[in-house]
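For reference, the structure discussed in these notes is given below.
FYI, it's all coordinate maths here, none of it is from the lab. Just so it is clear, the structure is predicted and the values come from calculations on it, not from any experiment.
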Amino acid sequence: MLTVLILCLIPATRYNQIDVPLMRYLKGSRTVDPLSLHLAGEFVENNLGTEQAADGSVTVRMIAQQYVFVPHCILVPAGVPVHLRITSADEVHSLAFTGTIYNVKVLPGTISEARLQFSNPGEFKTVCREFCGAGHYAMRSALKVVPRDQFPILRSGERGNCEAQ
Ligand code: CUA
């Protein structure tokens with residue numbers, strides 16, 4: 001009986017003592033503290049949204065949390081590489097752009113990265129595809145793809161979203 005108990009406990013302690021630190025180490029800079037996202041670092045509120053690089057490519061930073069995606073509506077130019085960086089403030093979520101092949105799993109403590117590109121202008125519904133609690137089915141937002149010349153010119157430090165258009 002005692003042996004059975006010990007065998008059951010080993011995986012549980014091993015997970016926190018070995019697996020979690022090991023995963024952190026292997027992931028390196030892709031880790032982030034889910035409890036302080038709004039206080040400091042890459043995912044503070046005024047850094048969320050679309051950032052434009054000198055070469056015209058864009059980086060979109062988002063947070064998934066019960067039960068919203070922030071920003072609620074993201075704006076990107078068509079035909080341009082989009083580098084997505086997203087993390088979760090709580091549970092595991094999954095960001096899917098309906099009508100596209102893109103589906104990104106989002107975990108607390110980790111930055112999920114994806115390379116996206118949308119060839120044509122249009123609006124896509126964004127939904128959560130991972131059950132994350134009572135409000136899961138209401139966790140939806142939008143992605144707006146506009147022609148390149150209609151995308152606002154962003155100053156350094158400025159971030160685009162649908163309201164900024
Ligand atoms: Cu978030 Cu389901």
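Give me the three principal axis extents of the stretch 35-165 from the C-alpha atoms, as integers in angstrom, largest value leading.
Between the extreme Cα coordinates on each principal axis of the stretch 35-165 lie 40, 34, 23 Å.
For the stretch 55-132, how big is Rg over Rh, using alpha carbon atoms and the Kirkwood form of Rh?
0.95
Hey, any idea what the orientation-averaged projected area of the convex hull of the stretch 24-99's Cα atoms comes to, in nm²? Can you show the working numbers first?
Values: hull surface 25.4 nm².
Seen from a random direction, the Cα hull of the stretch 24-99 projects 6.3 nm² on average.
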